[in-house]
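Written below as structure tokens is the structure these notes are about.
The values are calculated or read from the model by the stated rules, or taken from the named source; none is laboratory data. This structure is a prediction, so every number in the text was calculated from the model and none was measured. Here the Cβ positions follow ideal geometry from the backbone for every residue, glycine too, while neighbour counts run over all protein chains shown.
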């Protein structure tokens, strides 16, 4: 009983150590860039929410479908809508008067 409990605790500790090493590596190497990306994306989610339907309409009418595989088409639509909505919110946030209405805080 004690032996199996010790084995469980040691395995759990080894996994925690491994996860903390991975987290430390990510924080040092790509943590700053990833953190800036997440902060920028989270600041612009309100504007992305209000502008995404325009890009869904444009992409589905002019650039869709790109393949016969529906999963690839849905993934393509998701990525293109997110990127284009996010970029338009970033551009609109640079204009002082429109910054209030773009949703970028």
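Below is a table of values for the structure above.
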quantity: Unmet requirement for residue 33, which otherwise passes all of (1) touching a helix residue (DSSP H, G or I) at 6+ places or on another chain (Cβ under 6 Å); (2) in a helix (DSSP H, G or I); calculated: (1)
quantity: From 76, 71, 57, residue being over 27 Å from residue 40 (Cβ atoms) and either more than 23 Å from the chain's Cα centre (by Cα) or assigned to a helix (DSSP H, G or I) (or both); calculated: 71
quantity: Criterion: surrounded by 12 or more Cβ atoms within 10 Å (Cβ to Cβ) and at pLDDT below 90 - qualifying residue of 65, 96; calculated: 65
